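Here is the structure we will look at, set down as structure tokens.
The values are calculated or read from the model by the stated rules, or taken from the named source; none is laboratory data. For clarity, every value in this text was computed on a predicted model and none was experimentally measured. For neighbour counting, all protein chains shown are included, and Cβ atoms are generated from backbone atoms with ideal geometry for every residue, glycine included. When the accessible area is computed, the model is the full protein with side chains, heavy atoms only, and any ligands, DNA or RNA have been set aside. Shrake-Rupley method; radii C 1.70, N 1.55, O 1.52, S 1.80 Å.
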Amino acid sequence: MDDVIGLTSLEAQRRLLAEGRNEWPDAETRSLWMIVLRAVREPMFLLLFLAAAIYLSIGDLGEGLFLTSGACLAVALVIVQEVRSERALRALRTLAAPTVRVIRDGREIRLPSVELVRGDVILVGEGERLPADARLLRGDTLGIDESILTGESAPVDRFPITCGSGTDNVPIEDPERHRLLGGTLVVRGHGAAEVVATGPRSALGGLSSSLSGIKFELTPLQRRSAGLIAGLGGMAIAFCGVVALTYGWLFKDWIGGILAGVTVAVALVPEEFPMVLAVFMALGAWRLARRRVLVRRSAVIETLGGAGVLCVDKTGTLTENRMEVESLWTPERGREKRIPEGAGSGESQLLRIAALASRVGTTDPIDRAVTSAVRSGVKAETQVSPVRTWPLTSSRLAVIQLWDAPTERTAAAKGAPETIFDLCGLQGEPRARATRALEDLAASGLRVLGVAGWRGGDFPEADPDLAQFEFFGLIGFLDPLRSGAVEAIGEARRAGINVVMITGDYAPTAMEIARQAGIDTSGGYLTGQDIAALADDALADRIRTVRIFARVLPDQKLRLVRAFRSRGEIVAMTGDGVNDAPALEAADIGIAMGRRGSDVAREAADIVLLDDGLPSIVGGIRLGRRIFINLRKALMFITAVHLPIAGLALLPILLGLPPLMYPMHVVLLELVIDPVCSLVFESEPSEADAMDKPPRNPRESLFGLTQLSLALLQGGVLLVFILASYAFWLALGSETEARGVGFASLIASTLALALADSFGKSQSLFHSGRMVFWIIALGVTVVTVSIFLHPSLSSVFRVAWPTDPAAWITLALSLPAGGWMGILTRSDLLAVRGHERQTKKASS
């Protein structure tokens, strides 16, 4: 594309300002008013505003104003968290925006597709979705899937404006034959096209923007929690009526009965569930994006930390995909480890034919390595376009290009050595000698391609396999391991994750690279032919020990994913090509390459890797484990804390005791619970041994019977202690003093419960990640003390503090009542560390 200049940067900027960005309004973005409206429609807040209205109507100005202020503050906290989540999602959508290769100022650059303008020259290829309407200028005849517009599944052909090569260009008069529509998919060929319409002016309208966006649909847990909240909401309304009638009948106070009913209803509904899930999903995706792991489907965040099998490609994931010609082998001269300046005719011919089999103006690393290694004379010959190209297919693992030379036609083939041997009809000793050379190169970890050429009169274009090619030799390409790949694989294996290499490369090459990277090679390897010969049950049995799969075809990747899943594994699968999409869809966690991956692969994947590196995948799994554990802790805390709140609102009334809880008490507790859930638990760092444990059981749910039982046990202990304390102080003193001791104890034990549930195995109660908790605890303590010290606030909350010193003992005992789980965890941790120190001392 050296003769294509494209727009200048200045002209492109002028058109961008005049015509606007190549984008459409984002229908998924929620405005601030939409967030506010959704928040105030929550049942809990409606009930609180109802209680405030009742207090104001009966003349209790202090209670009414406090409830109104408290409800507004609680709504504001929810809004802040929702806005925080929405900003995180907007940042993710920006990262998810597709990019496109553009020629500007005569140079090829990559830009976000939203910056395209009319007149830009873009480079398109197989697996890419067209970012705007365009016309095909040059290149191959493209196969375009227009089913998104027409519903027709068969691809249509689109031709360059000029067909042919050299001076025999033939113009195509019908504009329809070179028209490309935004949003359609290139399924065959490569070319350059000129943009003719962008954004809302294109034929597709806003559809193509949604294709590459982030799908933050409700996760299964979010859907289940929404059903739970709806059910509890109905139950809360029923209890509200029962409590109001019971209280009114027992105490002959119907206004008080309505307020008691509202209190019970508010206490029963754990409305933090949906907010916490939404916050964790959005901020979890944002944290992953900071590690170069872009989540496209939020449901995968629940799954990511449980990955037990990680299937990776060799090229570009384990290695840098930065090829260099390291060795040449020709039948005449054997292996040359370097390319000498005065190379003989064999090496020159080998490189020249390899260059003729390489795509012009390509970004493919192998083609670039070949063209950079050839002599200047060969470069000049490859500036024109070939007459025809036969791309690599699953049945012929080689690229063939046909050229018009001044005297005769020339064809060149480059690809898998076995395929090249077959094209050349190599048999007997010549094939055996070439195979030994191939194994020698592959054993060095080189990627090896065979090269063949053809000269003659009539080339069999209908079936190029019928041409009698001449074998020129082998080229070995060095592709170094990525920085950090060895460490990432080591960490993954310590975490119990089976790292599996699935590659199209030659088996000895794959084994050597796997050995260098630290992948388990003790089980040997399976080739694509081996996989094809095995039934599904036999394949599932073989993969128990095999971790290297070579010469694998795209459809065989799908079989491997299904085989691993049939063994009960959570499978993460990487892919970048069009044909990888089925395997990415079938995997529990589909991971597409962001830099070199096709649009089809990205659309099929759950996750897009922004830097294509293995360390980012392993880092994402580590963070996924952290998110899973912290979310589980938050859900346990919400469940545990709502049991005593609901019980203390309901049981005193059923027992004929004065109410312990009024709406203002519930409001203050909610102002503690909400920030603790969304800030403390979400920001809790990973446990030190998070990646030293095997993956969790795939059947283990995020919040199952075990977690529910433990949460109910914690909440039950707390409920019994506070209710007993309340009854004890009612017998000793006044109602306001008993309520004061009970309420203060509930606040203290709630903070202790939060600390215990977030504690985990962190080494210190005061590490930087937990400072948020201590700030919240300090603020709540100041507010609680102020309530008891200021008579006006004490009157609103209907509390007083006893003069009896035993009240302080009750308050102190509330801390272990809420935090007993953390005490046990800490004790076990100290015992383990003590044992480790004694073992280390004894061994020394």
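Structure data summary
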read-out: Complete set of residues in the stretch 272-299 that are open to solvent by 10 Å² or more (accessible area, probe 1.4 Å), closer than 22 Å to Gly704 by Cβ and not small (Gly, Ala, Ser); value: Phe273, Pro274, Met275
read-out: Residue in the stretch 522-536 that is part of a loop (DSSP other than H, G, I, E, B) and within 30 Å of the chain's Cα centre (by Cα) present; value: no
read-out: Out of Val676, Val680, sole residue that is modelled with pLDDT under 80, crowded, with 23+ Cβ neighbours inside 10 Å, hydrophobic (A, V, I, L, M, F, W, C) and not in a loop (DSSP other than H, G, I, E, B); value: Val676
read-out: Within the stretch 504-517, considering residues that are small (Gly, Ala, Ser) and either more than 25 Å from the chain's Cα centre (by Cα) or under 10 Å from Ile548 (Cβ atoms) (or both), the one surrounded by the most Cβ atoms within 10 Å (Cβ to Cβ); value: Ala510
read-out: Tally, over the stretch 397-417, of residues that are surrounded by fewer than 19 Cβ atoms within 10 Å (Cβ to Cβ) and of a type outside the set (A, V, I, L, M, F, W, C); value: 5
read-out: One residue from Ala601, Ala592 being touching a Gly at 6+ places or on another chain (Cβ under 7 Å), assigned to a helix (DSSP H, G or I), aliphatic (A, V, I, L, M) and open to solvent by less than 20 Å² (accessible area, probe 1.4 Å); value: Ala601
read-out: Any pair with Cβ under 8 angstrom, 6 or more apart, that starts in the stretch 555-568 at a residue that is within 11 Å of Ile543 (Cβ to Cβ) and ends at one that is β-branched (Val, Ile, Thr) and part of a helix (DSSP H, G or I); value: Arg559/Ile531; Leu560/Ile531
read-out: Checking Lys314 against (1) open to solvent by less than 10 Å² (accessible area, probe 1.4 Å); (2) within 19 Å of Ala605 (Cβ to Cβ); (3) under 16 Å from the mean Cα position of the chain (by Cα), the condition it does not meet; value: (3)
read-out: Check on Phe721, outside any loop (DSSP other than H, G, I, E, B), open to solvent by 30 Å² or more (accessible area, probe 1.4 Å) and touching a helix residue (DSSP H, G or I) at 6+ places or on another chain (Cβ under 6 Å); value: yes
read-out: Of all residues making up the stretch 522-554, the number that are in contact (Cβ under 8 Å) with a residue 60 or more places away in the chain and surrounded by fewer than 21 Cβ atoms within 10 Å (Cβ to Cβ); value: 2
read-out: Some residue of the stretch 610-618 being touching a strand residue (DSSP E or B) at 6+ places or on another chain (Cβ under 7 Å), within 16 Å of Pro554 (Cβ to Cβ), open to solvent by 10 Å² or more (accessible area, probe 1.4 Å) and part of a loop (DSSP other than H, G, I, E, B); value: no
read-out: Subset of the stretch 425-459 (residues that are over 25 Å from Thr521 (Cβ atoms), open to solvent by 40 Å² or more (accessible area, probe 1.4 Å) and in contact with a helix residue (DSSP H, G or I) (Cβ under 6 Å, 6 or more places away or on another chain)); value: Arg431
read-out: Some residue of the stretch 663-671 being assigned to a helix (DSSP H, G or I) and open to solvent by 10 Å² or more (accessible area, probe 1.4 Å); value: yes
read-out: Enumeration of residues in the stretch 385-396 that are buried (at least 20 other Cβ atoms within 10 Å of the Cβ) and not polar (S, T, N, Q); value: Pro386
read-out: In the stretch 788-811, residue farthest from Glu735 (Cα to Cα) [restricted to those that are among the β-branched types (Val, Ile, Thr) and surrounded by fewer than 14 Cβ atoms within 10 Å (Cβ to Cβ)]; value: Ile809
read-out: Of all residues making up the stretch 167-195, the number that are modelled with pLDDT under 85, out of contact with any Ser or Thr (no Cβ under 9 Å at 6 or more places or on another chain), over 19 Å from Pro391 (Cβ atoms) and surrounded by fewer than 20 Cβ atoms within 10 Å (Cβ to Cβ); value: 7
read-out: Residue list for the stretch 559-585, filter: open to solvent by 20 Å² or more (accessible area, probe 1.4 Å) and in a helix (DSSP H, G or I); value: Arg559, Arg562, Arg565, Ser566, Val578, Asn579, Pro582, Glu585
read-out: Residues (more than 25 Å from Trp774 (Cβ to Cβ), surrounded by 15 or more Cβ atoms within 10 Å (Cβ to Cβ) and either polar (S, T, N, Q) or free of Cβ contacts under 8 Å to residues at least 12 places away in the same chain (or both)) located in the stretch 683-718; value: Ser701, Gln707
read-out: Top-ranked residue of the stretch 724-763 - restricted to ones that are at pLDDT 90 or above and hydroxyl-bearing (Ser, Thr, Tyr), ranked as most open to solvent (accessible area, probe 1.4 Å); value: Thr736
read-out: Of the criteria (1) open to solvent by less than 30 Å² (accessible area, probe 1.4 Å); (2) assigned to a strand (DSSP E or B); (3) more than 25 Å from Met323 (Cα to Cα), which one Met501 fails; value: (3)
read-out: Strands (runs of 3 or more DSSP E) lying entirely in the stretch 89-145 (those with 3 or more residues that are modelled with pLDDT under 80, in contact with a Gly (Cβ under 6 Å, 6 or more places away or on another chain) and open to solvent by 40 Å² or more (accessible area, probe 1.4 Å)); value: none
